[in-house]
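For reference, the structure discussed in these notes is given below.
The values are calculated or read from the model by the stated rules, or taken from the named source; none is laboratory data. Fair warning: this is a prediction, and the values are worked out from it, not measured in the lab. Heads up, the Cβs are rebuilt from the backbone with ideal geometry, glycines too, and the neighbour counts pull from every protein chain shown. Heads up: the accessible areas ignore ligands, DNA and RNA and are worked out on the full protein's heavy atoms, side chains in. Shrake-Rupley method; radii C 1.70, N 1.55, O 1.52, S 1.80 Å.
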Amino acid sequence: MGPRAMTIRKTLLHFFILVFCFFAGSGLANAKLIAFADELNEYLGIFQQLYSSDDLKVKIEVIYPRIIKNYKAFIKKYPKSHLVDDAKLRIAEFYKLSRATRGEEELFPGIKFDKNSRKKANHWLKDIVVNHPNGKISDPTSREDLNEPTAAFALYYLYAWNSGDKRYLKELIKKYPNSKLIRGMYVMPRE
């Protein structure tokens, strides 16, 4: 999506929010909704970068690091946003995508994979578990209503991405016994 399309999307979003607020009445509500629209627009724009290239080398060496950097900047800019835990989860996911799994380095010898990405992903996932235990995943890029704690996803990823380390699975079961992740609604292959 080009800069012109982003500007048009943002303008339309502001227009609809202003119309809604006009009928709703409160000036303070107007300001908060416009601020949220800017925040949401920025969050969505970061993810849209993923579609800027189909080249695996460009994605791993350029786009994923840029997306990670932009999500970190988003967290710094909006530290109180309800999207912070989602942004942290995205950072972990893009670190996961940045590293080679078994055999990939041999299959793609010209690509520089991040050798420390597992450690970096784990850092962000553990941060979610500690600092956002009650945050709900609110992925605006998905139409599916996940209604799932972000920390449950973080624990599941810690389990799945770390050779089935059972302590993360035990913590997931203990803290989030009703999680769809436990009931097998989301199946993700372990490495």
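Could you please find all residues in segment 69-93 being among the small types (G, A, S) and buried (at least 17 other Cβ atoms within 10 Å of the Cβ)? Once the filter is applied, which keeps residues that are among the small types (G, A, S) and buried (at least 17 other Cβ atoms within 10 Å of the Cβ), segment 69-93 yields S81, A87, A92. Looking only at residues of segment 142-172 that are closer than 23 Å to E42 by Cα and loosely packed, with under 12 Cβ neighbours inside 10 Å, we find that the one that is modelled with the highest pLDDT is N147.
Find the residue count for segment 108-125, including only residues that are at pLDDT 95 or above and open to solvent by 80 Å² or more (accessible area, probe 1.4 Å). Outline the logic, then answer.
Our first condition is that a residue be at pLDDT 95 or above; within segment 108-125, this holds for 123-125.
Filter once more, keeping what is open to solvent by 80 Å² or more (accessible area, probe 1.4 Å): 123.
Residues that pass the stated criteria total 1.
Do we have any residue at all in segment 94-107 that's loosely packed, with under 14 Cβ neighbours inside 10 Å, assigned to a helix (DSSP H, G or I) and either of a type in the set (S, T, N, Q) or modelled with pLDDT of 90 or more (or both)? Scanning segment 94-107 turns up no residue that is loosely packed, with under 14 Cβ neighbours inside 10 Å, assigned to a helix (DSSP H, G or I) and either of a type in the set (S, T, N, Q) or modelled with pLDDT of 90 or more (or both).
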